[in-house]
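Structure, as structure tokens:
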Amino acid sequence: MTVRHLLAGLVLGAIAPLSLAAGGGALMDYTPDVSNSASVQRGAANFMNYCSGCHSLRFLRYQTLAEDHEVPEDLLAENLMFTSEKPGDHILTAMPSEAATGWFGQAPPDLSLTARARGADWVYSFLMTFYVDPSKATGVNNLQLKGASMPHVLGHLEGYKVVAEGEPKEDKGGHGAHKGPEFEYVQAGALTPKEYEAFVRDITNFLSYAAEPGAKERHALGRWVLLYLFLLIPLTWLIKKEYWKDVH
């Protein structure tokens, strides 16, 4: 683990609870596993193919992804590096900020820290809860982020759906996890519902990794720290006993 990763983990750990307290609806269950390199690799490919046209990951380098998850250099260049030819570059979008503001009302945000600031559950829920809303310019809305200006870019994969029981309720700021709302599909997509869910899980897993690339090393180091502390307890007790033997 590098000093950069350690400092990033400490800072993000401090700000995450504050960000979550700012709002967010009831979340669908999702627990990331950033040690699952196959899932992270699939998620990276999904992100680069469907998300990187608008969103950047300016705190993550291609080379870091390749080293952490054993992506060969030739596959990295062929399948993931769409906006740069240098592995040491950060993952940036090619979309001009001013043009994006004109098209969407605001430039699409950088997603480097989204999974850490809002939570992996939030990212997963957002991608799973687009529904048809003719009143919106994009034709869709989102249960997790009402009035989102983002179109359903994965609609051709998931299909399009409506909320089964009337109009969705306004977000009241709760954070309890649940299984998710009921939807009815009005147009099938290229993937089955289970295939799309797996697709979203991989993207969410990748974004969870991107938010803290050093998480796996930090967790591994934490085990050694706990082991050290457990070994230190009897030693400190023996030292204390030696120092105080004349007093007692």
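The values are calculated or read from the model by the stated rules, or taken from the named source; none is laboratory data. Because the structure is a prediction, the values reported are computed rather than measured. Counting neighbours? That spans all protein chains shown, and the Cβs are built from the backbone with ideal geometry, glycine included. To get the accessible areas, we keep the full protein, side chains included, count just its heavy atoms, and leave off ligands, DNA and RNA. Shrake-Rupley method; radii C 1.70, N 1.55, O 1.52, S 1.80 Å.
Compare the peptides 223-235, 201-213, 142-154 by average per-residue count of other Cβ atoms within 10 angstrom and give them in order, highest first.
Ranking the peptides 223-235, 201-213, 142-154 by packing returns 201-213, 142-154, 223-235.
Any idea how far apart LYS86 and TYR243 come out in nm if each label point goes 7 Å out from Cα toward Cβ?
The modelled label-to-label distance comes out at 5.4 nm.
Points 7 angstrom from Cα along the Cβ direction at LYS136 and THR236: gap in nanometres?
So the label points at LYS136 and THR236 sit 5.3 nm apart.
In percent, what relative contact order does segment 27-212 have, based on Cα pairs under 8 Å that are 6 or more apart in sequence?
32 percent
Go through segment 223-237 residue by residue and turn each phi into a ³J(HN,Hα) via Karplus (6.51, -1.76, 1.60, θ = phi - 60°); whole Hz please, and just put x for glycine and proline.
Along segment 223-237, the couplings run 5, 5, 5, 5, 4, 4, 5, 5, 6, 6, 4, x, 5, 5, 5 Hz.
Quick one: accessible area per residue over segment 27-212, 1.4 Å probe, rounded to a whole number of Å²?
Here the residues of segment 27-212 average 52 Å² of exposed surface.
Taking the Cα centroid of segment 210-248 and of segment 95-149, what is the distance between the two, rounded to the nearest whole Å?
44 Å
When the expected Rg is taken as 2.2 N^0.38 Å, what fraction or multiple of it is the alpha-carbon Rg of segment 27-212?
The value comes to 1.04.
Which one of VAL132, LEU154, SER208 has its Cα pushed farthest toward the positive end of the charge dipole of segment 27-212, where Lys and Arg give +1 and Asp and Glu give -1 at the Cβ?
Value computed over the given set: VAL132.
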